[in-house]
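As structure tokens, the structure follows; a few thoughts come after it.
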Amino acid sequence: MTTAEAGALGDGLRIERARALDPGAAHALLAPLVQGGAPLGWLEPPGPDEVTALLDRVLTAVRAGDGSLRAAYLGEDLVGFGYWLRYTRPTHRPHADLERLAVDGAAHGHGIGRALTAALVADARRAGIEVLTLDARGDNTRAIGLYESLGFREYGRLPDFVAVGPRRYDKVFHMLDLRPGRHGGGAEDAAQGSRSVT
């Protein structure tokens, strides 16, 4: 995030490595996003128990060294979070998947998604992850543009795979190769420009 972008939100914006995350705050962030049609994997807003179970699963992986959870705060308010998890299949253990990134709708356009993604990529690099993958709904061009600007590249697509009622969308797969000498330096550079990343 640039200084100008951070300034637009105030000096209280910070991206933190989360060892815990308030399930109530996470639910309050996710529910209106999903209600508004955000492509986060739910058709209906998740209930509080579902969000609590999701965070428990992610934090268990983080404690085992198999994931990273980052949270964005403006002052004391949670305005975004994202996480990656290491693949569980033994032959895929060197790799991880960025599974979810959510930013409060009122904070869109201020670089929070970029700062969160860059911090997660830096965490993956430090954890020795070789390839970081993600998938996005084909109509989510804003997120796809963000990921590609950070060095992710498309490696596949399943046409009309995502079903939202009668509508169908492509499922688009991206990867960032973090192995030395491979493509993928952009996200680490972006992390260096983030205001308060801890």
With the structure loaded, tell me whether LEU85 is aliphatic (A, V, I, L, M) and surrounded by 20 or more Cβ atoms within 10 Å (Cβ to Cβ) or whether it fails that test. no
Which residue pairs have Cβ atoms closer than 9 Å, lie 6 or more positions apart in sequence or on different chains, and pair a first residue in the range 72-101 that is on the phi < 0 side of the Ramachandran plot with a second residue that is open to solvent by 50 Å² or more (accessible area, probe 1.4 Å) and of a type in the set (Phe, Trp, Tyr)? ARG93/TYR87; PRO94/TYR87; HIS95/TYR87; ALA96/TYR87; ASP97/TYR87
Selected residue [open to solvent by less than 70 Å² (accessible area, probe 1.4 Å) and over 25 Å from LEU74 (Cα atoms)] from GLY145, GLY138, GLY113: GLY138
Being open to solvent by less than 40 Å² (accessible area, probe 1.4 Å) and closer than 23 Å to ASP139 by Cα, is that true of even one residue in the range 52-67? no
Give ALA187, ALA127, ALA122 a once-over and let me know the one that is modelled with pLDDT of 95 or more, touching a helix residue (DSSP H, G or I) at 6+ places or on another chain (Cβ under 6 Å) and over 25 Å from TRP42 (Cα atoms). ALA122
Have a look at ARG153, ARG157, ARG125, ARG167 and point out the one that is more than 15 Å from TRP84 (Cα to Cα), touching a residue at least 24 places away in the same chain (Cβ under 8 Å) and surrounded by fewer than 23 Cβ atoms within 10 Å (Cβ to Cβ). ARG153
For the condition modelled with pLDDT under 95, among the small types (Gly, Ala, Ser) and open to solvent by less than 50 Å² (accessible area, probe 1.4 Å), what is the one hit in ALA20, ALA25, ALA6? ALA6
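Say whether the condition of being farther than 17 Å from ALA38 by Cβ, among the charged types (D, E, K, R) and open to solvent by less than 50 Å² (accessible area, probe 1.4 Å) is met by at least one residue in the range 89-101.
yes
The values are calculated or read from the model by the stated rules, or taken from the named source; none is laboratory data. Since we're looking at a predicted model, the values are computed, not measured. A quick note on method: Cβ atoms are made from the backbone with ideal geometry, for glycine too, and the neighbour counts reach across all protein chains shown. For the accessible areas, the whole protein counts, side chains as well, though only heavy atoms, and no ligand, DNA or RNA atoms are used. Shrake-Rupley method; radii C 1.70, N 1.55, O 1.52, S 1.80 Å.
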